[in-house]
Every structure is written in structure tokens, then in C-alpha cells.
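See structure below.
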Amino acid sequence: MATAKSNPLSYLRDQLAELDAKGLHFRLRVLEGAQESVARFDGKEVINLSSNNYLGLTTHKALRRAAIEAIRTHGVGAGAVRTIAGTMDLHMALEAQIAKFKGTEACVVFQSGFTANAGTVAAILGKDDLILSDELNHASIIDGCRLSRATIKVFKHRDVTDCERLCKETENWPGHKLLITDGVFSMDGDIAPLAELCTLAEKYNCIMMVDDAHSSGVLGRNGRGTVDHLGCHGRVHIQVGTLSKAIGAMGGYVCGSRDLIDFLYRRARPFLYSTGHPPSVVATCQAAFTLLDSPDGEKLIKKLWANTKLFQRRLKKLGFSIGATETPITPIHVGEAAKAFEFSRRLYDAGVYIPAVGFPTVPEGKARLRAMVSAAHRRADLERASAIIAEVGRTLGIV
Ligand SMILES: *Cc1c(COP(=O)(O)O)cnc(C)c1O
């Protein structure tokens, strides 16, 4: 006689119920149409302060045209991993263009910023090596560090003194050493003390690596990133960037020496074992970098910073705590997770979409809304959004 089978995955339902009970309801919001500054999510039009589309490039005419043209000439897919038959002339041209933009010898494009970080750290280090990592580094860095099986030592956020303490402690480490940091931190919007960390890397003979996902297209001349912004050219061995944020499409890249890139071509597992970008995406990115390096690109970056200043000044004046942000990433601190989620829900009902973030993306007790300003916002959108944030914030006793 058949007995009722128990479901070995039933613990997942228990854990979901536990999260719901804590007020941490979660549902994917569905965007109906393009990623724009005013957009329709779940059937409701809202002012969109939720995307990483810093320069409004997700819908830019020149990028759309480039994508369509590449589909005409190269089809819709690469058809193989890059190391077998999937490397197209477009891929090589994009890599050359990015290397030139960043002022490095070479560049390799990965499927995402995530795989760029994880694939690179795991490829260049092994179990005898050491990693010094900022405590707020991105999840893809943390995963890459774990995959490498190297020893990981974490220094306090942006704390050069604490980093040097670890450098001294490990001065005679026999293996390779890597010092790694986000250029701009994705949840707080603050900037790494890159020049000081480079000095430590030089003094203690570490490989220096920076993840510029949130600063490419945002900081530095024409959006060249934190290395340019902080005058650290020639001091950072490995620069990671993403094609998924300001660039408006999808992918990630690593810039550095010819040897580094040739090594990653042969050893970075996502590069070796996962298909390369479709031609339309590659062409989109080429058009984006061409735009960045033009007067139109400069105009967009200027607008992004003007919008950022306007919005952040408003919020501060209204009494919100936006922390130590120095970039368009605008945290609105709430503290308790359930309250942050409630704040976000009520804002959405009132016509403003700003997602809440809680544990594990940020530490417990440090829940917040994370508002993202874009060059595409109109001044009136930002003013209206601020007024609504103030009204809802007062109702909830946040200000
Ligand atoms: C978003 C992000 C990534 C991942 O980039 P994707 O291209 O979206 O995979 C990596 N590092 C940081 C700091 C990020 O914010």
C-alpha cells in the first residue's frame, strides 16, 4: 500500500512563513514596459527611484539602433562559449574599446559583473593565498573569495587603519595577497579610500583590485570610475566594472594587464563554461561607451549629478537620514525592517517606487529604503517624489 510521501522541501515553506510573520513580505514587482524614470509597475504608474539606470541609457535611441543593426549583421546569439566558437569580432572590438576608455592594456568581458568578480578572484588565487576585503564588499566578491579557497580577512568598512593592522599581521604571508574593495558601496553610496588602500597594497606587496560597478558612468572623467576620480591610474592591478548599470545593458568586465586578461581567458570559469554575450548586447555596450566619451555623455553625467544634489538636499532638509552617501545612491535610513517595508509599500501606493532593503543585504537593524537618482528624472518628478516621501514619512513617524 502506498504511504503518503512527505515533501523533503517543506522546510522552505516554514521559512517563508517565518519571514512573512516578521513583516518581510516579498513579491517581485513587474515592470510593464521599459525601464524609465516614470514607469508602470504592477499596473500602476509611479515615479521610479529604483533602478541602476543612472544615465537613462536603457532606452537611448543610439543604443537601440546599434542593437538592431547587430541583430541584422550577426544574428541573435553567439552560439558557443567564447573559448570555442563564440568570440565574435564585436566582442573583441568592445574589449578593445573598454581597455582604451579605462587606460589599461587589455579587457575581458564577462556575462555579468557578478561573474566578473567571482570568476576573477577564484581564478587568480588559491588555497595558500590571502585576501583582505572591506566588510561591505559586494556579494559577488565574497563568493569569489570563498570559491578561491584563500584565507579571507575582513577589515572594517573604509577603515584604512584596520586594513593596515591586518597587513602587518600578515606581513610574511608566504602566498599571494589581494586587497579588494568596492569603488562605490552599493547600499550606502560612499566611496572607498582608494588612494590610501593603494599605498597599503604597494607597501605590503598586495595585488590591488577595485569593483567599480556603481562608479563607471558616474564618477571620473566621462564616467571612467573611481580610479580616475581619485587619481589612482597605474596603481590598481584589476579594475572590474559592470555593463548592467550606467551602461544600460548587461554584462561585466575586467581591465588590467595583457597577462591578466590572457590568464582569465584561459582560467576564469564563467568565461570558459558559459556562452558569450549575444551580438545585440555587445553592440549596445559599444554604443554606450561611444556616447560616454562624447559631449552628449558629459551632459548626461552632469544632469545625473544635478539631480542627485537636488534630491539629496531636499531629503536632508526634510529631516531624513541619508548617511554618508557621496553618489546618486540615496539610502533613507529607517532601522527596523518591518517599518522600512511598510514605508516602501505606502510610498508605492502614493505613486513613488523606492524599494526597501533589509537583512541579509544590509546588517540587521539597518534597514532602509534605497533611492536611486537618474539623469532621466525630470526636476518636477524629484520634487513631487520628495513631497510624497515627506508626507508618508511623517505619517509613519520617521521624520
Ligand atoms: C551590481 C553589482 C555587481 C554585479 O553586477 P551585475 O552586472 O549586475 O552582475 C557587482 N558589484 C557591485 C558592487 C554591484 O553593485
Antiparallel DSSP beta bridges within segment 60-292, as percent of all bridges there, nearest 5: 40 percent
More than 29 Å apart - percent of Cα-Cα pairs taken over segment 60-292: 24 percent
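Using alpha carbon coordinates only, what is the Rg to Rh ratio of segment 216-319, with Rh defined as the Kirkwood radius? It would help to have the intermediate numbers written out before the result.
Working: Rg = 16.7 Å, Rh = 15.8 Å.
Radius of gyration over Kirkwood radius for segment 216-319 works out to 1.06.
Rounded to the nearest 20 Debye, what is the dipole magnitude of segment 18-123 about its Cα centre when Lys and Arg each give +1 and Asp and Glu each give -1 at the C-beta? Please report the intermediate quantities before stating the final value.
Values: 12 positive and 10 negative charges, 43 e Å.
For this selection, approximately 200 debye.
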Dipole magnitude of the chain, debye to nearest 20 (Cβ charges: Lys/Arg +1, Asp/Glu -1, about Cα centre): 820 debye
Relative contact order (%) - segment 288-382, alpha-carbon pairs under 8 angstrom, separation at least six: 31 percent
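Grab the DSSP H runs of the chain that are 4 residues or longer, score each as -39,500 (n - 2.57), total them, divide by all residues and round the 222 nm result to the nearest 500 deg cm²/dmol. Could the numbers behind the result be given before it?
Values: 14 runs with 168 residues, N = 399.
Mean residue ellipticity, 222 nm, calculated: -13000 deg cm²/dmol.
If you count the DSSP beta bridges with both ends in the chain, what percent of them are antiparallel, to the nearest 5?
55 percent
Sorted by average packing, counted as other Cβ atoms within 10 angstrom per residue and highest first, what order do 252-265, 385-398 take?
252-265, 385-398
Given a 1.4 Å probe, how much area per residue of segment 60-292 is accessible, in Å²? Please list the in-between numbers first.
On the way: 9490 Å² over 233 residues.
With all protein chains present, segment 60-292 gives 41 Å² per residue.
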Cα gyration tensor shape for the chain, rounded if a/c is under 1.5, else prolate or oblate: rounded
Spherically averaged projected area in nm², based on the convex hull that wraps the Cα atoms of segment 231-386: 12.6 nm²
Convex hull volume of segment 65-145 per residue (C-alpha atoms, cubic angstrom): 151 Å³
Lysines with Cα under 22 Å of K317, excluding same-chain neighbours fewer than 8 positions away: K303, K309, K339, K366
Simple label model, 7 Å out from Cα along Cβ direction - E18 to E32, nm: 3.7 nm
Alpha-carbon centroid distance for the pair segment 48-83 / segment 327-399, whole angstrom: 30 Å
Surface share of carbon and sulfur [accessible, 1.4 angstrom probe, percent] for the chain: 53 percent
Estimated distance in nm for a label pair at H25 and F359, the labels positioned 7 Å out from Cα along Cα-to-Cβ: 2.2 nm
Nearby aspartates and glutamates by direct alpha-carbon distance to K203 (threshold 14 angstrom, same-chain neighbours under 8 apart not counted): E164, E169, E171
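The values are calculated or read from the model by the stated rules, or taken from the named source; none is laboratory data. Since the structure is predicted, the reported quantities are computational estimates derived from the model, not experimental observations. Please note: Cβ atoms are built from the backbone with ideal geometry, for glycine as well, and neighbour counts cover all protein chains shown. These accessible areas exclude ligands, DNA and RNA; they are computed on the full protein's heavy atoms, side chains included. Shrake-Rupley method; radii C 1.70, N 1.55, O 1.52, S 1.80 Å.
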